[in-house]
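To keep things clear, I will list the structure first and then write my remarks on it.
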């Protein structure tokens, strides 16, 4: 039987831990309370764009995805919604210190890794997502219809013109 443990670190980070003896993996989920509702006019799509840039990680860890796969098929991904951005990974337990180092480093030094080429590349990726995802377009159309202009849930998460929002 599992036992969920909750704690708060001195820096305010809330930790939830749960051990399952049958599952030989660790899952790390980082939830940041920032999403599309925090964007102002002209910033629409930036939370999602930042998520993409964060997934590229810090330049000094460019081989991280390959190493994560090599240690047993771990994976990582992220998602952005109106209220939060979430980064999540699974990996073998012995790889947990490396997962935490990677997460801490990309939070602390991502700015050093963003250049115009990376920014433009991820803008194109986000634009393509906005065009190609029928489910996303439907969900955003529903939110746009349900919430009035000016409401933080009215504008799309995945702005087609990221960083060039029209309102």
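Set side by side, the residues 70, 47, 59 differ, and just one is more than 30 Å from residue 149 (Cβ to Cβ) and touching a residue at least 12 places away in the same chain (Cβ under 8 Å), which is 59. For residue 109, the test of being loosely packed, with under 11 Cβ neighbours inside 10 Å and over 28 Å from residue 136 (Cβ atoms) is failed. Residue-level check: of (1) closer than 18 Å to residue 125 by Cα; (2) surrounded by fewer than 17 Cβ atoms within 10 Å (Cβ to Cβ), residue 27 misses just (1). Does residue 42 fit the bill of being under 20 Å from residue 101 (Cβ atoms), assigned to a loop (DSSP other than H, G, I, E, B) and out of contact with any strand residue (DSSP E or B) (no Cβ under 6 Å at 6 or more places or on another chain)? Here the answer is no, as residue 42 does not meet what is asked. Just one of the listed residues (57, 35, 45) is under 14 Å from the mean Cα position of the chain (by Cα), at pLDDT below 80 and buried (at least 17 other Cβ atoms within 10 Å of the Cβ), namely 57.
Selection within region 73-88: residues that are in a loop (DSSP other than H, G, I, E, B) and in contact (Cβ under 8 Å) with a residue 40 or more places away in the chain. The member of this set that is surrounded by the most Cβ atoms within 10 Å (Cβ to Cβ) is 74. Checking each residue in region 110-129 for being in a helix (DSSP H, G or I) and more than 16 Å from the chain's Cα centre (by Cα) picks out 112, 113, 116, 117, 118, 120, 121, 124, 127, 128. Applying the set (1) modelled with pLDDT under 85; (2) under 26 Å from residue 126 (Cα atoms); (3) surrounded by 11 or more Cβ atoms within 10 Å (Cβ to Cβ) to residue 63 leaves exactly one unmet item: (3).
Entry remark, region 5-16: residues being under 17 Å from residue 86 (Cβ atoms) and either outside any loop (DSSP other than H, G, I, E, B) or at pLDDT 80 or above (or both) number 3 in total.
The values are calculated or read from the model by the stated rules, or taken from the named source; none is laboratory data. Every value quoted in this text rests on a predicted model; they were computed, and no experiment measured them. Every residue, glycine among them, receives a Cβ derived from its backbone with ideal geometry; neighbour counts consider all protein chains shown.
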